[in-house]
Each structure stands twice: as structure tokens, then as C-alpha cells.
1. Among the residues of region 28-52, write down those that are farther than 17 Å from Ala70 by Cα and not hydrophobic (A, V, I, L, M, F, W, C).
2. Please go through region 17-33 and give me each residue that is within 12 Å of Leu45 (Cα to Cα), open to solvent by 20 Å² or more (accessible area, probe 1.4 Å) and assigned to a loop (DSSP other than H, G, I, E, B), ordered by number.
3. Being among the β-branched types (Val, Ile, Thr) and open to solvent by 40 Å² or more (accessible area, probe 1.4 Å) is the requirement here; does Val50 meet it?
4. Checking the condition among the charged types (D, E, K, R), out of contact with any His (no Cβ under 7 Å at 6 or more places or on another chain), crowded, with 16+ Cβ neighbours inside 10 Å and not in a loop (DSSP other than H, G, I, E, B), which residue from Glu60, Glu82, Glu56 passes?
5. State which residue is farthest from Ile25 (Cα to Cα) when the search covers only region 35-59 and only residues that are without any contact (Cβ under 8 Å) to a residue 12 or more places away in the chain and charged (D, E, K, R).
Amino acid sequence: STSQKHRDFVAEPMGEKPVGTLAGIGDVLGRKLEEKGFDKAYVVLGQFLVLRKDEELFREWLKETCGANAKQSRDCSGCLREWCDAFL
């Protein structure tokens, strides 16, 4: 099952959503990502696409970039994968 945050995110186009709207990304991880230039959800999506939607690679990148744990990175990659399936 997915969180309400996940369902809200995949229910509509990305637009200018802040990075914190991604499932698995809370205030702390959001700030760490923003500090590294990943301030919008679409910038994180870009990284997901650069990694060819490889969830394993993306989760590793998220862990290295902002210290996401296994659940956070799984939630975020699943959210992006489902968004891609719906909109790309």
C-alpha cells in the first residue's frame, strides 16, 4: 500500500512541486537535497531518468546524496516510477 503523500503526488502533473512533496522525502532529507541543488521534485525526477529509471541505482544515489534510509529511498523511487508510468 502507498501513503497519502504518494497518492497525492502521482495523481497530478509535477509542475513546480517542491522536493518535499515526494513520498519518502521529509523536512530533513528535503533540506539536504535543496542544499545540493535538488530543490524541486522535477529535478529529482531528472536524476531518476538519467539513471534510466533504475530503482536500485536511484536508491543508492538518494542514500549517498541525502542519507535516505531503505524505506525512504524505496518510497521515493516507487513514487517516481508510478508518476512516470502515468505521465510519460
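The values are calculated or read from the model by the stated rules, or taken from the named source; none is laboratory data. Source: prediction; values computed, not measured. When we count neighbours, we look across all protein chains shown, and the Cβ atoms used for this are built from the backbone with ideal geometry, even at glycine. All accessible areas refer to the heavy atoms of the entire protein, side chains included, with ligands and DNA or RNA removed. Shrake-Rupley method; radii C 1.70, N 1.55, O 1.52, S 1.80 Å.
1. Within region 28-52, Arg31, Glu34, Glu35, Lys36, Gly37, Asp39, Lys40, Tyr42, Gly46, Gln47, Arg52 meet the criteria.
2. Lys17
3. yes
4. Glu82
5. Ranking the qualifying residues of region 35-59, first place goes to Arg52.
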